[in-house]
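Data first, discussion second: the structure below is written as structure tokens.
The values are calculated or read from the model by the stated rules, or taken from the named source; none is laboratory data. Keep in mind that what you see is a predicted model, and the values were worked out from it rather than measured. Counting neighbours? That spans all protein chains shown, and the Cβs are built from the backbone with ideal geometry, glycine included. To get the accessible areas, we keep the full protein, side chains included, count just its heavy atoms, and leave off ligands, DNA and RNA. Shrake-Rupley method; radii C 1.70, N 1.55, O 1.52, S 1.80 Å.
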Amino acid sequence: MYNFVMYCKTYSGDYLYIQKMIESFSLYNKDGIVLFLSVPEKEVNIFKNFEKKNIKLISDESYAGRYFASHTSYNFSIGYFNQEICKLAFWETGFAENYLCVDSDVIFIRDFYISDFMKNEKTPYTVLVQDKDLHAAKWYPHAKYRKEWIKKIWEYIDYDDKRYRTCHGFQVINANVMNSLKNDFMKQKKLGYKDLIEYSPLEFSWYNAWFQKSKLIEEYAVEHFVRYFHNKADYNFSRIEALSLESLKKEYIGIVLNSNWSKDKNKLTYKKINFFEKILYILFSSI
């Protein structure tokens, strides 16, 4: 068992993203952190070329197949639904005590080390935020139902904390916390992972809620490890703010430009701030 690894659930539709992600992962991974790529069994051969000393390839079905749902009442594809199950179930492989879930479309932008994610050998940093600024933004249309789904989880596990601290992703998941969630909560209520996601499709919020309620490991709360650009408006506002990649590197290990923005996956890069955007920033900041 590794003490800490990274884990990415992906599939052939995100192949170009994975190429970019692994390029940046290999460039900036200074501690030789192992990355597990989890893909559908029928697509394992497609990703074989990525395997090397610190990149391991596993099939989704090898550890989560027995938990998969065949349908969902939400307006999600069944693949999207089951990838949430995979993230929760990965601890059952026994490969890692702690694993950082990373998305296919992340691009790492600076050197990173195990110490960026682990307070000490046993205790991870845990992303726990309220996202008040995001929920207040008009350009973020998901705020209302996301809040409702989070509150449902808190109420269901009987966790009375009105801060509702959680995260969008890139969480370090601890196997002991997941073991407790499954055996101390899910088994008692006769629930499977698909029941959790069907009740509220926020896999990281299930973990975060139980992490805070169970208090199995010490809490070292941090903000997100990566800078999410949730949609094109979020990205465009960052341009007006003249938020450069150099500035982002000071606070984040990576960036995520939502993969639904463009059909051309090669266009999703964070471009340098141009002259026009610098002028806009000067004009708006002087008002």
**OP:** Quick one: in region 15-41, of everything that is open to solvent by 30 Å² or more (accessible area, probe 1.4 Å), assigned to a helix (DSSP H, G or I) and in contact with a helix residue (DSSP H, G or I) (Cβ under 9 Å, 6 or more places away or on another chain), which residue is farthest from residue 117 (Cα to Cα)?
**Re:** 41
**OP:** Considering every residue within region 121-139, establish whether at least one is at negative phi, in contact (Cβ under 8 Å) with a residue 60 or more places away in the chain and surrounded by fewer than 12 Cβ atoms within 10 Å (Cβ to Cβ).
**Re:** yes
Original post:
Just checking, how many residues over region 147-168 are over 16 Å from residue 219 (Cβ atoms) and surrounded by fewer than 19 Cβ atoms within 10 Å (Cβ to Cβ)?
Top reply: 11
Original post:
Looking at 207, 252, 228, which one is farther than 30 Å from residue 285 by Cα and either in a loop (DSSP other than H, G, I, E, B) or in contact (Cβ under 8 Å) with a residue 40 or more places away in the chain (or both)?
Top reply: 207
Subject >> Checklist (1) open to solvent by 20 Å² or more (accessible area, probe 1.4 Å); (2) closer than 18 Å to residue 173 by Cα; (3) at pLDDT 95 or above applied to residue 1, failing item >> reply: (3)
Original post:
Which one is farthest from residue 151 (Cα to Cα) among residues in region 208-222 that are surrounded by 19 or more Cβ atoms within 10 Å (Cβ to Cβ) and either in contact with a helix residue (DSSP H, G or I) (Cβ under 7 Å, 6 or more places away or on another chain) or β-branched (Val, Ile, Thr) (or both)?
Top reply: 211
Subject >> Subset tally (residues that are under 18 Å from residue 7 (Cα atoms), polar (S, T, N, Q) and open to solvent by 30 Å² or more (accessible area, probe 1.4 Å)) for region 58-82 >> reply: 1
Original post:
Of the residues in region 135-178, how many are under 18 Å from residue 213 (Cα atoms), in a loop (DSSP other than H, G, I, E, B) and not charged (D, E, K, R)?
Top reply: 5
Original post:
Counting only residues that are within 23 Å of residue 82 (Cβ to Cβ) and of a type in the set (Gly, Ala, Ser), how many does region 1-33 have?
Top reply: 2
Subject >> Selected residue [in contact with a Leu (Cβ under 9 Å, 6 or more places away or on another chain) and free of Cβ contacts under 8 Å to residues at least 40 places away in the same chain] from 49, 45, 54, 29 >> reply: 54
